[in-house]
Amino acid sequence: MSGRFFTTLLLCALVCQLSSGAVTKVEITDKTDLQNGSYELLTGKVYFAVDPALAPNRIVADIDVAPKNAKGLVEFSADFSEVRPRKGGNGTALVEISNRGGKALASEFNFAHGSRDLKNPEAMGDGFLLQHGFTLVWVGWEFDLPANANLLHADLPVATDQGKTISGIVRSEWVGDTRVETIPLGDRGQTGYAVLDAASAKNKLYVRDAVAASRTLVPRESWHFTDAAHVSLKGGFVPGRLYEVIYEAKDPVIAGLGLAGVRDFVSYLKSGARSGSQPEVQRAIGFGVSQSGRFLREFLYDGFNEDEAHRQVFDGIWAHVAGGGRGSFNHRFAQPSRDGHAFSNVFYPVDTPPFDEEPLMQKAHQAHVMPKLFLTNGSYEYWGRGASLIHTTADGKADEPPSEHARIYFLSGSQHTIGAIPPQKTLAHNLANTNDYRYSLRALLLAMQTWLKEGKEPPPSRFPRLDKGELTTLPNLKFPKIQGVQLPLHKREVYRLDFSEEPPKQGAPFPTFVPQVDADGNDLGGIKMPEIEVPLASYTGWNPRTDAIGAPGEMLSFMGSWIPFARTRAEQLRTHDERRPVEERYPSEQVYLDRIDEAGRKLVQAGYVLEADLPLLHERAAREWAYLHHS
C-alpha cells in the first residue's frame with residue numbers, strides 16, 4: 001500500500017529548545033510503503049532556526065551577517081528522505097551525507113544499480129541494509145545544486161552587510177574533455193556565484209598546460225560573460241588545458257548552515273521529539289563518499305558533532321574515499337563541489353592541514369562528543385587525493401597509526417569508484433579498474449554497528465606503511481614493464497597554500513606517497529579483495545588521459561586501470577610483458593576459483609568480508625575469468 005499525504009509537525013519554542021534543538025517544523029510530503037510494508041519511505045522538508053549567540057553555532061562562518069527573524073534566529077530549510085522500519089529496527093540511523101544531492105547508500109551496501117528512485121524496487125538492491133534493521137536518512141546540505149526534483153537541496157540564506165550586497169573575489173576552474181565555446185562558473189554543473197560587474201577590471205581569465213606551469217593571462221577582448229554565471233572564449237576552451245576565471249562575485253551563501261542542518265536533524269531524530277516518547281533512533285552513523293566524506297572530516301574538525309544542547313550528534317563517522325581532505329564547506333564564497341585531483345581543482349581549500357586523526361577529532365574530544373571513526377581509501381586516493389597524509393607524519397619520515405577510537409582501512413588495488421565486469425572503456429589509455437570492494441564495506445558496517453552497540457572492537461586497521469616498504473615516491477615505484485603502458489607523469493601534490501589572494505600563493509608540497517607494488521604491479525598492504533590477492537591483471541589507482549582529450553601524461557580523475565596478464569607464455573613474449581602469464585599461475589579455471597575461495601575465507605576469518613558474500617565473490621571471479629579468456 002502507498003499513499004500521499006501532507007502533515008506538519010509544529011513544535012513550540014520551548015520543546016524545540018529543550019528536545020529537538022533547532023528543528024522547528026518537519027513537513028512530510030510523501031509516505032510510501034517499502035519491502036512489503038516492513039519499511040516506510042518518508043520524504044519532505046525540514047525547517048531550522050538557529051540562535052547565532054549559542055556557542056555551537058558560532059562556528060558557522062558569517063553567522064553574524066546572516067539575516068535574522070523577529071526573534072533574532074537564522075532560518076533555513078532542507079529536503080530530507082528517510083527509510084525507516086515500522087518495527088524491529090536495530091536502533092541505528094545510517095545517515096548518508098549526500099554527494100552533490102544524490103543518494104548512494106543502496107549502491108554502496110546493497111549492490112543496487114539502475115534506479116535511484118527509492119520507490120522503485122530496484123533501488124534497494126539486495127536489501128542488505130534493511131535486512132539488518134538500519135534506518136536510512138538523507139538531508140540536504142548543499143546550496144548550489146541545479147534544479148532537479150531528484151536531488152536533496154538546502155535553502156540557505158545569503159550573507160548581507162546590514163542589507164547591503166557583499167562582494168568578493170572568486171576563482172572558477174575548468175578542465176574539459178571536449179572543446180566548448182562557453183563554460184559555467186560553477187563546478188560540475190553546480191550553480192556558480194554570480195558576477196558582480198561583468199566589465200570590472202578585476203575579472204581575469206588565465207590558462208596553463210600543467211599544474212606547475214606558469215599562468216598566461218588571456219586578453220580581455222577575447223572573452224566575455226554571456227550571463228551572470230557563464231563565460232565564453234573566442235575559438236573555444238581547449239580540452240586538456242587548465243582555465244581559471246577570477247572575478248568579483250556577489251551574494252555569498254552562509255554555507256556552514258548546511259553542516260549545522262545535518263547536525264540538528266540528526267539530533268532531532270535521536271531526541272525522541274518526533275514520537276514524543278522513547279526515540280526510535282538510539283545512535284547514528286554518519287557515512288560519506290568522496291565529497292561527503294570530506295564533509296564529515298570538516299564536520300568533525302569544525303566542531304559540529306556537538307549540538308546546541310551540547311549533546312553528541314554522530315556516534316560513528318565513516319569518511320569513505322575522502323583522502324586527506326576536508327573542503328570548501330564553511331567559509332565565505334564556499335564552493336562545496338570543488339575537490340582536488342592530480343590535474344584539476346588543485347588550488348582550492350580542500351587538502352589543508354591538519355590531515356591526521358588526532359587534530360581532526362580535537363574539538364570532539366574537548367566537548368566529550370568523540371565518535372568512533374572509520375577512514376577508508378582505495379589506491380586512487382593515494383595517487384589522486386593525498387591519502388597517505390592521514391597516517392604519516394608531517395615531515396613524511398614515519399608512520400602515524402590511528403588512536404583506539406579510529407580505524408584506517410586501505411582497499412588495495414581500487415579506483416575511486418566501484419569497478420565492474422566487464423571492464424569499462426573510458427577517456428583513458430587503459431580499461432577501467434574492475435575491483436569491487438563493497439564486500440568489505442558491508443562487513444565493516446556491521447563491525448561498526450557492533451562496536452557502537454556492544455563495544456566489541458572492529459578488525460584492526462590495515463593501511464600501507466613506510467616501515468614495511470609499502471609506500472613509495474613516484475620515482476621509486478617498481479611497476480613492471482608492460483608494452484604500451486605508461487605511468488602518469490604526476491600524482492596529486494598537496495601544496496601549502498596562502499589564500500590571501502587569488503590565485504593563492506603556492507608553497508612547497510607536503511610529502512605524499514603512493515602504494516608500492518609487487519612484481520605484478522599490484523599494491524602492497526591493505527585489504528585485498530580475492531581478485532587482487534589472486535590476480536588476473538594489474539589493478540591500479542591511476543589511468544592516464546588519452547591524446548584525444550589532451551594532457552595525455554596526466555591522470556584521468558577518479559579512474560584506475562585493469563591491465564590484464566598475457567594468457568600464454570607465447571603472448572607474454574610477443575608483448576614484452578614482465579608479468580607471468582595466466583597459464584603459469586593457474587593450470588585451470590577450477591584452480592583459479594579454488595584459490596579465490598581460499599582468499600575469501602581468509603578475509604572472513606579476519607573480519608573484512610561476510611561469509612554470506614563468499615558465493616558472490618566466487619561468481620564474480622568466474623565472470624572475470626570468462627571475460628579475460630573470451631574477450
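No value in this document is a laboratory result; all are computed from the given coordinates. Please read all numbers here as calculations on a predicted model, not as lab measurements. Don't worry about glycine lacking a Cβ; one is built from the backbone with ideal geometry, like all the others, and counts go over all protein chains shown.
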How far apart, in nm, are two points set 7 Å out from the Cα along the Cα-to-Cβ line at Asn150 and at Ser500? 4.7 nm
In whole Hz and in residue order, list the ³J(HN,Hα) couplings for the range 181-194 that follow from phi through the Karplus curve 6.51 cos²θ - 1.76 cosθ + 1.60, θ = phi - 60°; x for Gly and Pro. 7, 10, 10, x, 7, x, 8, 6, x, 6, 7, x, 5, 6
Nearest-0.05 FRET efficiency for Arg567 and Gln282 at R0 = 60 Å, using Cβ-Cβ distance, is 0.65
Principal axes of the range 167-250: Cα extent on each, largest first, Å: 30, 25, 23
Compute the distance from the alpha-carbon center of the range 225-264 to that of the range 51-103, in whole Å. 24 Å
Along the range 393-402, what does the Karplus equation 6.51 cos²θ - 1.76 cosθ + 1.60 (θ = phi - 60°) give for ³J(HN,Hα), rounded to whole Hz, x for Gly and Pro? 5, 4, 8, x, 9, 8, 6, 9, x, x
Just from its helices, what would the mean residue ellipticity at 222 nm be for the chain, if runs of 4 or more DSSP H residues each count -39500 (n - 2.57) and the sum is divided by every residue, rounded to the nearest 500 deg cm²/dmol? -5500 deg cm²/dmol
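Starting with the highest mean, order 413-423, 212-222, 378-388, 597-607 by the number of other Cβ atoms within 10 Å, averaged over the residues of each peptide.
Details: 413-423: 22.5, 212-222: 11.2, 378-388: 30.2, 597-607: 16.5.
With the highest mean Cβ count within 10 Å placed first, the list reads 378-388, 413-423, 597-607, 212-222.
If R0 is 35 Å, what FRET efficiency do you get for Asp177 and Gln605 from their C-beta distance, rounded to 0.05? The partial results should precede the final answer.
On the way: r = 44 Å, r/R0 = 1.27.
The formula returns an efficiency of 0.20 here.
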Place the peptides 65-73, 281-289 in order of packing, highest mean first, counting for every residue the other Cβ atoms within 10 Å and averaging per peptide. 281-289, 65-73
Work out the FRET efficiency for Asp518 and Gln424 from their Cβ-Cβ distance, taking R0 = 35 Å, and round it to the nearest 0.05. 0.90
List the trypsin sites (Lys or Arg not before Pro) within the range 450-551 that fall in a DSSP loop (any state other than H, G, I, E or B) and whose Cβ has at most 16 other Cβ atoms within 10 Å. Lys456, Lys468, Lys478, Lys481
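How big is the charge dipole of the range 477-631 about its Cα centre, in debye rounded to the nearest 20, if each Lys and Arg gets +1 on its Cβ and each Asp and Glu gets -1 on its Cβ?
Numbers: 19 positive and 24 negative charges, 69 e Å.
Dipole about the Cα centre, nearest 20: 340 debye.
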Within the range 328-367, list the residues whose amide N lies under 17 Å from a label point set 7 Å along Cα→Cβ of Ala398. 356-359
According to a simple spin-label model (label point 7 Å from Cα along Cα-to-Cβ), what is the distance in nm between His113 and Ala201? 5.8 nm
Select from Ser403, Tyr439, Leu452 the residue farthest towards the positive end of the dipole of the range 394-454; place +1 on Cβ of Lys and Arg, -1 on Cβ of Asp and Glu, and compute about the Cα centre. Tyr439
Net +/- balance of residues flanking Ala149 in space, Cβ distance below 11 Å, scoring K and R +1, D and E -1: -2
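If we sort 351-364, 582-595 on the protection proxy, mean other Cβ atoms within 10 Å, highest first, what's the order?
Values: 351-364: 19.4, 582-595: 14.6.
So the order, starting with the most tightly packed, is 351-364, 582-595.
Using a simple charge model, +1 on the beta-carbon of Lys and Arg, -1 on the beta-carbon of Asp and Glu, nothing else, what dipole does the chain show about its Cα centre, in debye to the nearest 20? Kindly include the intermediate steps, with their values, before the conclusion.
Working: 68 positive and 77 negative charges, 41 e Å.
Dipole about the Cα centre, nearest 20: 200 debye.
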